[in-house]
Amino acid sequence: MFREFVNQLFFGKEQNEKMVKLRYMIEALQYEFMRNALAAGILASIACGIVGSYVVVKRIVFISGGVSHSAYGGIGLGCLFDFNPVLGSTLFSLAAALIIGVVSKESSQREDTVIGVIWAIGMSLGIIFISMSPGYSANLFSYLFGNILTVPTSDIFIMLVLDSLIITVVFLLYNHFLALCFDEEFALLVSYPQKLYLLLLCLIALTVVILIRVVGVILVIAMLTIPAAIGAQFTNNLKKMMFISTILGIIFTTVGLSISYIFNIASGATIILFSGITYLISIGVSFLWQRRNFSCNKL
Amino acid sequence: MKKLNRVNSEILRLKNICVQYNNATVLENINLSVYKTDFLGVIGPNGGGKTTLLKVMLGLIRPTTGKVEFLGNNPDKKQKHMGYVPQNFYFDRTFPISVRDVVLMGRLARGGLLKKFNDNDKKIVDNALEKVGIYTIKDRQIGQLSGGQIQRVLIARALATEPQILFFDEPTSNIDRRNLKLICSLLKIINKNIPIVIVSHDIEYISTFVNKIACLNKRLLNKNLCGVNKKTIEFAYNCSVNL
């Protein structure tokens, strides 16, 4: 049955149709929405390559989840008062990052509990704001699951600004961020790790804002972690890891976008599914690789 | 007399230090000075406040009352002139970082928040790696090292800060005797230039390397930090010991 499917896909009657669609795809680049989609994918990949690497090595995936989901509150606020939801999500995710960072470090509360609470509050606020806003907003679905094809040019500029901000901060503070992620106690001797940690959480918040447009609130953590997790398998250097995961992110968004365009399926989910499958394959490959090396050593 | 003073000048002074955690007294009225040639061993039973004392000296814990003076200053500011080798170094073994990059972190103590590493930093780091004998494995990922090697990486990192004093917390806890001996002889060489404060509950071993001992059990039991004295140690532990 599978073979039949593949045959149909690539060699069968439908071949011509698919080729035509691929040509459509290339022709589609003439359109602004398609160019914007590609640009959004690349800009998002840069942010998630850099910040996602920190998220993975510092093991703060759950915090990133809390920050991204609470951004939904900002989106709801934007819909209610009719301003750009990107602005609302920026405010909410920054606030969530700071609250999680300060409360979990300064008070005796358990960190994961705080994250869970902020996560849920943000989501609930979003749902309440949206139910209060007049009419039905079809757009909201695209904020939950992302729709890279509807990114307006104004949002591309916002993403560009946020990207430059992230790159500048990481370029300037790279060494201190590395020390913070690797050994917080040592960081305490040479810098101000609490403040740096809050700054790192804010960078995560900004990355979340960029990514929401591409993959949506719910899938942001996947985009933050998958490229970095694959990158981590190929290098022992954080800078290289950032570079590899940026490249991987660009591949994932571009290929995912093309697949979703050709088959007319949801773009955010396609991008994540494609990256997720690649991740699983990369785990399998590195597992086999290690086993091979191990048996070679034994011989 | 004046010359002697200059050679063996006071580096660190603790004045009437008290530390309380949630009303439980951990340290009580500690007065202590560390001089330039000192190799000071701080010993005492578990829960005697050894690590707390070390962190007070480092400025990581603010004492409830009392004052710490480091080279005449208050170490409340960032301790850029103190090297510290922690006790239990928990880290992510999969962290993508090489041995050399861990030691380079020590250079962050010299320079501001925007610090970028230059050739001089790299030279100092390579020297430190050479000194502790792990230059050959400098490009390995940190997770591939043994406990003894990691201890050396941490010493190299502390040396890379070009410290005026070196703190060492429980070197006996993670490594075997052979490695400990190597590390202690390494510390003796380092001690020619800077004072070392070493915290341990393993008195029998530590006493063969240090030249001063402070017995700590909430209070400092020997006020003038004499050499090794069986009586004070027995008093500190409340049982007999073999030295």
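Starting from residues that are touching a Pro at 6+ places or on another chain (Cβ under 8 Å) and in a helix (DSSP H, G or I), keep the ones in segment B:146-179 and report whichever is modelled with the lowest pLDDT. So the residue we want is B:Gln151.
Every residue, every condition in (1) charged (D, E, K, R); (2) out of contact with any helix residue (DSSP H, G or I) (no Cβ under 9 Å at 6 or more places or on another chain), yes or no:
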position	(1), (2)
A:Leu144	no, no
A:Phe157	no, yes
A:Asp183	yes, no
A:Ile221	no, no
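Would you check if B:Asp139 is in contact (Cβ under 8 Å) with a residue 40 or more places away in the chain and more than 16 Å from the chain's Cα centre (by Cα)? In short, yes. Considering (1) under 27 Å from A:His176 (Cβ atoms); (2) within 14 Å of another protein chain (Cβ to nearest Cβ); (3) surrounded by fewer than 18 Cβ atoms within 10 Å (Cβ to Cβ); (4) not hydrophobic (A, V, I, L, M, F, W, C), the lone condition that B:Arg107 does not fulfil carries the number (3). Going through segment B:88-101 one residue at a time, which ones are more than 7 Å from every other protein chain (Cβ to nearest Cβ) and buried (at least 17 other Cβ atoms within 10 Å of the Cβ)? Within segment B:88-101, B:Val99, B:Arg100, B:Asp101 qualify. Looking at B:Asn31, is it modelled with pLDDT under 85 and either closer than 26 Å to B:Glu204 by Cβ or surrounded by fewer than 16 Cβ atoms within 10 Å (Cβ to Cβ) (or both)? The answer is no for B:Asn31. Out of curiosity, is B:Phe95 outside any helix (DSSP H, G or I), under 20 Å from A:Asn175 (Cβ atoms), at pLDDT 85 or above and in contact with a Lys or Arg (Cβ under 9 Å, 6 or more places away or on another chain)? It is false that B:Phe95 is outside any helix (DSSP H, G or I), under 20 Å from A:Asn175 (Cβ atoms), at pLDDT 85 or above and in contact with a Lys or Arg (Cβ under 9 Å, 6 or more places away or on another chain).
The residues of segment A:231-245 that are in a helix (DSSP H, G or I) and either surrounded by fewer than 16 Cβ atoms within 10 Å (Cβ to Cβ) or within 9 Å of chain B (Cβ to nearest Cβ) (or both), listed by number, are A:Gly231, A:Ala232, A:Leu238, A:Lys239, A:Lys240, A:Met241. Can you tell me which residue within segment A:34-67, out of those that are within 14 Å of another protein chain (Cβ to nearest Cβ) and over 13 Å from the mean Cα position of the chain (by Cα), is surrounded by the fewest Cβ atoms within 10 Å (Cβ to Cβ)? So the residue we want is A:Arg59. Scanning segment B:157-174 for residues that are within 13 Å of chain A (Cβ to nearest Cβ) and buried (at least 18 other Cβ atoms within 10 Å of the Cβ) yields B:Arg157, B:Ala158, B:Ala160, B:Thr161, B:Pro163, B:Ile165, B:Leu166, B:Phe167, B:Asp169.
Just give me the residues in segment A:185-222 being assigned to a helix (DSSP H, G or I), facing another protein chain (nearest Cβ under 10 Å) and at pLDDT below 90, in sequence order. Across segment A:185-222, the qualifying residues are A:Glu185, A:Phe186, A:Ala187, A:Leu188, A:Leu189, A:Val190.
When the residues of segment B:110-145 are filtered to those that are within 12 Å of chain A (Cβ to nearest Cβ) and in a helix (DSSP H, G or I), the one that is surrounded by the most Cβ atoms within 10 Å (Cβ to Cβ) is B:Ile142.
The values are calculated or read from the model by the stated rules, or taken from the named source; none is laboratory data. Worth saying up front: this structure is predicted, and the values here are computed from it rather than measured. Note that each Cβ is placed from the backbone with ideal geometry, even for glycine, and that neighbours are counted across all protein chains shown.
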